[in-house]
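Worksheet: one structure, shown below.
Throughout, read-outs are computed from the coordinates displayed, never taken from laboratory work. As the structure is a prediction and not an experimental result, all values here were calculated from the model. Note: ideal-geometry Cβ built from the backbone for every residue, glycine included; neighbour counts use all protein chains shown.
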Amino acid sequence: MNNSTALVAALRAVLPPASVLSDQEDTRPYECDGLSAYRQLPMAVVLPADEAQVLAVLRICRELNVPLVPRGAGTGLSGGAMPIADGVVLSTARMNQVVRMDAYSRTAVVQPGVRNLAISEAAEEHGLYYAPDPSSQIACTIGGNVAENSGGVHCLKYGLTVHNVMRVRMVTIEGDVVELGSGALDAPGLDLLAAFIGSEGMLGIVTEVTVKLVPKPAAARVIMASFDDVVAGGNAVAAVIAAGIIPAGLEMMDRTSSRMVEPFVRAGYDTDAAAILLCEADGTADEVEEEIARMTAVLQAAGASAVQVSTSEAERLKFWSGRKNAFPAAGRISPDYYCMDGTIPRKHLARVLTGIAQMEGKYGLRCANVFHAGDGNLHPLILFDANQPDELQRAEAFGAEILALCVDVGGTITGEHGVGIEKIDSMCVQFRDAELAAFHAVKSAFDPLSLLNPNKAIPTLNRCAEFGKMHVRAGRLPFAGLPRF
Ligand SMILES: Cc1cc2nc3c(=O)[nH]c(=O)nc-3n(C[C@H](O)[C@H](O)[C@H](O)COP(=O)(O)OP(=O)(O)OC[C@H]3O[C@@H](n4cnc5c(N)ncnc54)[C@H](O)[C@@H]3O)c2cc1C
């Protein structure tokens, strides 16, 4: 019996037959996540229905020394859920129940495979919703959100996943069931919940999450402000925050982005503007009116050439629909696009945007800039055609240089999409050896056998040493050694 046959037989002994996939035609849909340039078939995919089945799978992986990759909806953009050739993918697709909705304490207890938007849909009858709203919220799961510490338009005001999750129940590779956090605002002991959120499936498998819910605001309106140059738009973002306003959303799109989106969604964008800002106010009707007036004044003082305020809920949603559909719209104008995710101090927005514009010339590729401007979280979409010789390599080098610039201005190489396999070399730019060693120590405290999503997110010191040499000699070679399609 070879390894694969023994593994599948062991898994079939503990799970129903339909919950273990091993034929290539069944495992093919799991070969990649949203970073689709990189694919790998696993030995098997399992679809446990509850925590007991998760524990049974982990026991088998432990006993047979087989690596395991957790997977939610597979919308991740950094390869976090990409399979390992001699490993198992554990999909949470069948663990998709809202366990409890508690309107009184404004919390919901959900299984990991519940979709982000489904939480808000379930809370709607109580006038509540779950605030973090990734653009992928129609599909992505709360387990994936916890693993990536996901953000979204509303996170500037309401916080990221880490600020909206109170408790995580998870299982370790050693078979322990652990509860991190609590139902209260604080929990005694080390804050392992914060360490776990954003750990990209490397420390344990999430089996249940308690999230905070917030009241749906009575009113919300959004401003669309146009700017004749991107630098002025970037400075206007800093001016809004400096004026002491925390908008419910503060997003920016450059002209390439608005022209890409408009024919697709008809959001009503000013496609002549070099950049548009979307600034939302929410609260009571009076609060909204006051904040809209204050933001309008700041934007005009910062040089906005036009300011339009939504006059109905339908128009507010229309303005947002363009922003939310920016990534799919990129797919309509370019055979391929590479979505970067870096974060910078807001005051450097203009400088970084100018740098990206210069890199477009250097690499001979267009870049559409769409981002959570209020958080300083950039999403440059590098447009390329993988069928043209060298374009993927140029896109990767372009992306790596953007991240290096983010680090250079005091920012980070990821805002919300995680490191996965995509940015593992950029971690060598961001962190020193001692810091990486501390990350490895945390990983091995949870997963001493290194079976959970190994070789993702944290580079080995050897890898960084090699990368340093390549960096000096031949420019960046991201993803070296990984299969590419
Ligand atoms: C069009 C588009 C728009 C996007 N917009 C945003 C955005 O606005 N903000 C944002 O933050 N992200 C965004 N993303 C990225 C992505 O949707 C998020 O990272 C999301 O949280 C991934 O959730 P998922 O369920 O698809 O997880 P997956 O992609 O399946 O997995 C992501 C990571 O989580 C781990 N994981 C999954 N489930 C578990 C579990 N139960 N236990 C432990 N680890 C687990 C995986 O191993 C992997 O490392 C976008 C993606 C797309 C395609």
Open item on the list: Straight-line reach only, C-alpha to C-alpha below 30 angstrom: list the lysines that residue 324 could link to, leaving out same-chain residues fewer than 8 apart.
Closed with: 157, 212, 216, 347, 362, 423, 456
Open item on the list: Given axes a ≥ b ≥ c from the Cα gyration tensor, I'd like to know whether the range 228-294 is rounded (a/c under 1.5), prolate (a/b larger than b/c) or oblate.
Closed with: oblate
Open item on the list: Once you order the gyration tensor axes a ≥ b ≥ c over the Cα atoms, which shape class does the chain get: rounded for a/c under 1.5, otherwise prolate or oblate by comparing a/b with b/c?
Closed with: oblate
- [ ] Please work through the chain and write down the cysteines that have no neighbouring cysteine Cβ at a distance under 4.7 Å.
- [x] 32, 61, 140, 155, 279, 339, 367, 406
- [ ] Assign unit charges at the C-beta atoms only (+1 for Lys and Arg, -1 for Asp and Glu), then state the dipole size of the chain relative to its Cα centre in Debye, rounded to the nearest 20.
- [x] 580 debye
Open item on the list: Restricting to DSSP H runs of at least four residues, report the calculated mean residue ellipticity at 222 nm for the chain, -39500 (n - 2.57) per run over all residues, nearest 500 deg cm²/dmol.
Closed with: -11500 deg cm²/dmol
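Ranking 372, 154 by Cβ neighbours within 10 Å, fewest first, what do you get?
In increasing order of surrounding Cβ atoms, one gets 154, 372.
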- [ ] Quote the charge dipole size of the range 335-474 about the Cα centre in Debye, to the nearest 20; the model charges only the Cβ of Lys and Arg (+1) and of Asp and Glu (-1).
- [x] 360 debye
- [ ] Only Lys, Arg, Asp and Glu count, each charged at its Cβ (+1, +1, -1, -1), so figure out the dipole size of the range 98-215 about its Cα centre, rounded to 20 debye.
- [x] 220 debye
Task: Mean separation of Cα contacts under 8 Å, 6 or more apart, over the residue count of the range 3-91: relative contact order % - done: 36 percent
- [ ] On a 0 to 90° scale, report how tilted helix 391-408 is relative to the longest principal axis of the chain, with both axes built from alpha carbons and the result rounded to the nearest 10.
- [x] 70 degrees
